[in-house]
Amino acid sequence: MRTWLGMVRIEARRLAGGLLKRTFALAAVVAAGATAALAQPSEAGGEASLKLPDLSQVSFFNGAIDGHRLLLIGILFCIFGLAFGMAIYMRLKNLPVHRSMREISELIYETCKTYLVTQGKFILLLWVFIAVIILLYFGVLQHMEAMRVAIILGFSLVGIAGSYGVAWFGIRVNTFANSRTAFASLPGKPYPVYQIPLEAGMSIGMMLISVELLIMLFILLFVPGDYAGPCFIGFAIGESLGAAALRIAGGIFTKIADIGSDLMKIVFKIKEDDARNPGVIADCTGDNAGDSVGPSADGFETYGVTGVALITFILLGVKSPSVQVQLLVWIFVMRVMMLISSSGSYFLNAAIAKARFGNADEMNFESPLTSLVWLTSIVSIALTYLVSYFVIPELGGDTSQWWKLATIISCGTLAGALIPELVKSFTSVESRHVKEVVISAQEGGASLGILSGFVAGNFSAYYLGLAMMLLMAVAYYMSGMGLALAAGMLAPAVFAFGLVAFGFLGMGPVTIAVDSYGPVTDNAQSVYELSLIEQVPNVEAEIKKDFAMAVNFDRAKYLLEANDGAGNTFKATAKPVLIGTAVVGATTMIFSIIMALTDGLTANVDKLSLLHAPFFLGLITGGAMIYWFTGASTQAVTTGAYRAVEFIKANIKLEGAEKASVADSKKVVEICTKYAQKGMLNIFIAVFFGTLAFAFVEPFFFIGYLISIAIFGLYQAIFMADAGAAWDNAKKIVEVVMKQKGTPLHDATIIGDTVGDPFKDTSSVALNPVIKFTTLFGLLAVELAVTLTRDHGATITNVLALVFFAVSFTFVYRSFYSMRIRSGGAE
């Protein structure tokens, strides 16, 4: 393990060494250009100079408590959420499990742990690039005192640590749950096979939201108001960087392993998760690296960035300090309410599910998950109106705004339930679209099956796009009903869109829970096969004696496979929710940039128009970047999978071996890690310097660029995620319902699934953090460009734009030409 980890470190350092030199060289160029500015102190501007109002100046509940003390109570609910997550964690750890299954899950955890340690060091390397820009802009150009700059840098590390920490917790919980789920399937009853993955997901969801809320409340309540702005911005940038790295690298890793493992079923006609296949352990590690680490970090970042966007808007777009306090306190009370509604709905749904299915021999695994999502949405909407009525009964003298704002948030909360329902109609094993993929593959093989998956993805983008548009239209309508006058608010429609994104997360713990359900069910099936439990001598008598349990191996395998289909479906449902939140929330962050560029919408507003050519050109450029990213992330998967398949085919031993050697399994993990990091490095540097370049071209060009990547990214992500999920569950129908493993039809659906793997778990899901990182980092980049242009003229800015674009384009070029497959040798 140390040997291959050392090789990965050497590779990362080799690739990054030259980059760091170039970065600091560019930093020197920018610093030199800013030298004259040092002689003329300028007021620190931008979001980092924002000051929070005194929360204690406004009272709530008829003067019973001020805003500061009210939010202090919220900390108690965060502690409750942490205790909830830890209680389930300990319960899962102590559930019964056979030693053969526990050994496999611990092996998976050890490989996951090694991967996470490697990624943690890699993220810190990437952070250096962000730190250089923060130091240059805030320290050199804006002349901020050293303490304020240090706070921004410090909280960017806190943001990274948050994303990284919840990802680690998610992996530990899931690797407890996978073996316990596999063991719980042995008696042949479906309810425990459903219950354990959902408990694991709720543990992660409650822990994630509670940690995020605790950090943000700490900044809001205990950091001096004039330092809170830098804290929030640094925190948001850090968590966005951490999530982007973990989501992209994890997505590449998991699909290299998945494809490498799956193709062996066709080549050697072996079963799913055959213990002799050295790619299976890497596949299990990838299930956690891509489907647990990625969503956990992504959800953490989405929750935080959306909050920072709304805080920034309130401070920039609302004139009255008292109204600012009312809105800030209301938003955070609503966030506390999310914990209450999600936990309450979970317990109520659990009681109903146990009464219905506790002793049943058959159950539709999707049914209680669907009811949980809808129940949480309904409870959240009800509490939204109730809490709003008591917290903001009047806003700026208007006693009707509480229900209007509650309605706007409810549009997002409704979307959190409606979007999964729409996604299911294109990805569930019961879906007509997924059945169409199977029917097409029966007659036309993999070709027609793949085309039918494209159809499902395209149709889903149409319906989901219209659904989001209609809900945002309702929010826009409500924002025009006196909000601007009551709150003294600029652009109330933009605030409404931010609240819709906030409402998307109104059932955050449950959204994360049903998403995390998938990797546990997937791993549980693998743990069962890899444990070789059926071959353990006298295992049935041993289990009967030690656990008082009669076993039914055939029934257990059937339940695990069927539950994996439900996991695939609900993994798919969370993806459009997160990408929708990113796009809708990005609107609010883009508005912050617009406010800075237009001096509070009083100048240059005409440049936000198609009549301003740079703005239109920016719209075109954003689409180009999205399609490059899709190709670059898929290329990393393709090349890595090629090398993994090459190694597995050369080293798999089907005769005289019960399972693959640990050394061969670790070698596949090494291959996956190597190409995940190479791909991530190319992508990050291209995005980082591309953002700088386009911000330096022209500020309103950059606004068009940000809008474009959000819109193109939304539809590209929905299409790819749902097409991939349709192919995945088409294979599941053939395996579970039709029982045709090993047939030409099965081979055809496996091919479709391998095409869909990077669609649904690499490119599509990574667009979410890429959009948010670009927008957040763009706040700094465009202010840096404007400051340099103001102080030194456009020439230096244009030169730097060309230099930054040259670096970005170099890594765009490398993302294919240095990653492409060359037969007969290493890249």
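The values are calculated or read from the model by the stated rules, or taken from the named source; none is laboratory data. Small disclaimer: the values here were computed from a predicted structure and weren't measured. Neighbour counts are summed over all protein chains in view; Cβ atoms, including those assigned to glycine, are modelled from backbone coordinates with ideal geometry. Just so you know, the surface numbers come from the protein's heavy atoms only, side chains and all, with ligands and any DNA or RNA stripped out. Shrake-Rupley method; radii C 1.70, N 1.55, O 1.52, S 1.80 Å.
Among the residues of the range 45-65, those that are open to solvent by less than 30 Å² (accessible area, probe 1.4 Å) and under 13 Å from residue 329 (Cβ atoms) comprise 52, 53, 55, 58, 60.
If you go through the range 313-348 and keep only what is under 22 Å from the mean Cα position of the chain (by Cα) and at pLDDT below 90, you end up with just 338. Within the range 646-661, the set of residues being surrounded by fewer than 21 Cβ atoms within 10 Å (Cβ to Cβ), under 21 Å from residue 104 (Cβ atoms) and of a type in the set (A, V, I, L, M) comprises 652, 654, 657.
Residue 439 fulfils the conditions (1) at pLDDT below 95; (2) surrounded by fewer than 22 Cβ atoms within 10 Å (Cβ to Cβ); (3) closer than 29 Å to residue 563 by Cα except for a single criterion, (1).
For residue 552, the test of being without any contact (Cβ under 8 Å) to a residue 40 or more places away in the chain, surrounded by fewer than 24 Cβ atoms within 10 Å (Cβ to Cβ), of a type in the set (S, T, N, Q) and out of contact with any strand residue (DSSP E or B) (no Cβ under 8 Å at 6 or more places or on another chain) is failed. Within the range 422-433, residues that are touching a residue at least 60 places away in the same chain (Cβ under 8 Å) have Cβ atoms under 7 Å from residues that are surrounded by 24 or more Cβ atoms within 10 Å (Cβ to Cβ) and acidic (Asp, Glu) in these pairs: 423/722; 426/722; 427/722, counting only partners at least 6 apart in sequence or on another chain.
Take residue 484 and decide whether it is buried (at least 16 other Cβ atoms within 10 Å of the Cβ), over 23 Å from the mean Cα position of the chain (by Cα), without any contact (Cβ under 8 Å) to a residue 12 or more places away in the chain and over 20 Å from residue 307 (Cβ atoms).
It is true that residue 484 is buried (at least 16 other Cβ atoms within 10 Å of the Cβ), over 23 Å from the mean Cα position of the chain (by Cα), without any contact (Cβ under 8 Å) to a residue 12 or more places away in the chain and over 20 Å from residue 307 (Cβ atoms).
Any residue in the range 806-821 that is in contact (Cβ under 8 Å) with a residue 12 or more places away in the chain sitting within a Cβ distance under 6 Å of a residue that is hydroxyl-bearing (Ser, Thr, Tyr)? List the pairs, counting only those 6 or more apart or interchain. Cβ pairs passing all conditions: 819/639; 821/639; 821/642. Against the test of being within 21 Å of residue 417 (Cβ to Cβ), open to solvent by less than 10 Å² (accessible area, probe 1.4 Å) and in a helix (DSSP H, G or I), the options 339, 327, 375 yield a single qualifying residue, 339. When the range 524-549 is filtered for residues that are farther than 12 Å from residue 185 by Cα, in contact (Cβ under 8 Å) with a residue 12 or more places away in the chain and assigned to a loop (DSSP other than H, G, I, E, B), the ones remaining, listed by number, are 532, 536. When 722, 664 are checked against the criterion of being acidic (Asp, Glu), within 26 Å of residue 253 (Cα to Cα), part of a helix (DSSP H, G or I) and open to solvent by 10 Å² or more (accessible area, probe 1.4 Å), 664 stands alone in meeting it. There is at least one residue in the range 407-415 that is of a type in the set (Ser, Thr, Tyr), touching a residue at least 60 places away in the same chain (Cβ under 8 Å), surrounded by 24 or more Cβ atoms within 10 Å (Cβ to Cβ) and not in a loop (DSSP other than H, G, I, E, B). Here are 516, 531, 460: which of them is closer than 22 Å to residue 104 by Cβ and either modelled with pLDDT of 95 or more or out of contact with any Pro (no Cβ under 8 Å at 6 or more places or on another chain) (or both)? Being closer than 22 Å to residue 104 by Cβ and either modelled with pLDDT of 95 or more or out of contact with any Pro (no Cβ under 8 Å at 6 or more places or on another chain) (or both) holds for just one of 516, 531, 460, which is 531.
Of all the criteria given as (1) surrounded by 24 or more Cβ atoms within 10 Å (Cβ to Cβ); (2) outside any helix (DSSP H, G or I), the one not satisfied by residue 300 is (2). When 621, 634, 587, 638 are screened for being β-branched (Val, Ile, Thr), under 30 Å from the mean Cα position of the chain (by Cα) and closer than 23 Å to residue 269 by Cα, only 638 passes. If you scan the range 790-824, which residues turn out to be part of a loop (DSSP other than H, G, I, E, B) and either buried (at least 17 other Cβ atoms within 10 Å of the Cβ) or at positive phi (or both)? Scanning the range 790-824 gives 793, 819, 824.
Within the range 107-165, being of a type in the set (Phe, Trp, Tyr) and modelled with pLDDT under 90 holds for 137, 138.
Within the range 635-645, can one find any residue that is open to solvent by 10 Å² or more (accessible area, probe 1.4 Å), under 30 Å from residue 274 (Cβ atoms) and of a type in the set (S, T, N, Q)? Yes, there is a match, as at least one residue in the range 635-645 is open to solvent by 10 Å² or more (accessible area, probe 1.4 Å), under 30 Å from residue 274 (Cβ atoms) and of a type in the set (S, T, N, Q).
Please go through the range 119-138 and pick out each residue that is buried (at least 19 other Cβ atoms within 10 Å of the Cβ) and of a type outside the set (A, V, I, L, M). Residues satisfying the conditions are 119, 122, 127, 129, 137, 138. Scanning the range 732-789 for residues that are outside any helix (DSSP H, G or I) and touching a residue at least 24 places away in the same chain (Cβ under 8 Å) returns 738, 741, 742. When the helices (runs of 4 or more DSSP H) confined to the range 185-296 are screened for residues that are surrounded by fewer than 24 Cβ atoms within 10 Å (Cβ to Cβ), those reaching at least 3 such residues are found at 190-222, 225-267. Applying the criterion of being out of contact with any helix residue (DSSP H, G or I) (no Cβ under 7 Å at 6 or more places or on another chain) and part of a helix (DSSP H, G or I) to the residues of the range 92-136, the residue that is farthest from residue 243 (Cα to Cα) is 99. Each residue in the range 604-634 was checked for being over 19 Å from residue 695 (Cβ atoms) and open to solvent by 30 Å² or more (accessible area, probe 1.4 Å), and 8 pass. Looking at 73, 151, 88, 160, just one residue is open to solvent by 10 Å² or more (accessible area, probe 1.4 Å), within 27 Å of the chain's Cα centre (by Cα), more than 29 Å from residue 685 (Cβ to Cβ) and among the hydrophobic types (A, V, I, L, M, F, W, C), and that residue is 88.
Taken together, 801, 781, 766 contain a single residue that is of a type in the set (A, V, I, L, M) and at pLDDT 95 or above, which is 801. Comparison of 364, 349 shows that the only residue that is not in a helix (DSSP H, G or I) and not basic (Lys, Arg) is 364. Residue count for the range 36-81, restricted to those that are part of a helix (DSSP H, G or I) and either at pLDDT 90 or above or more than 22 Å from residue 233 (Cβ to Cβ) (or both): 20. Residue 421 meets each of the listed conditions (1) under 31 Å from the mean Cα position of the chain (by Cα); (2) open to solvent by less than 20 Å² (accessible area, probe 1.4 Å); (3) not basic (Lys, Arg) apart from (2).
Take residue 695 and decide whether it is crowded, with 24+ Cβ neighbours inside 10 Å, under 20 Å from the mean Cα position of the chain (by Cα) and at pLDDT 95 or above. No, not satisfied.
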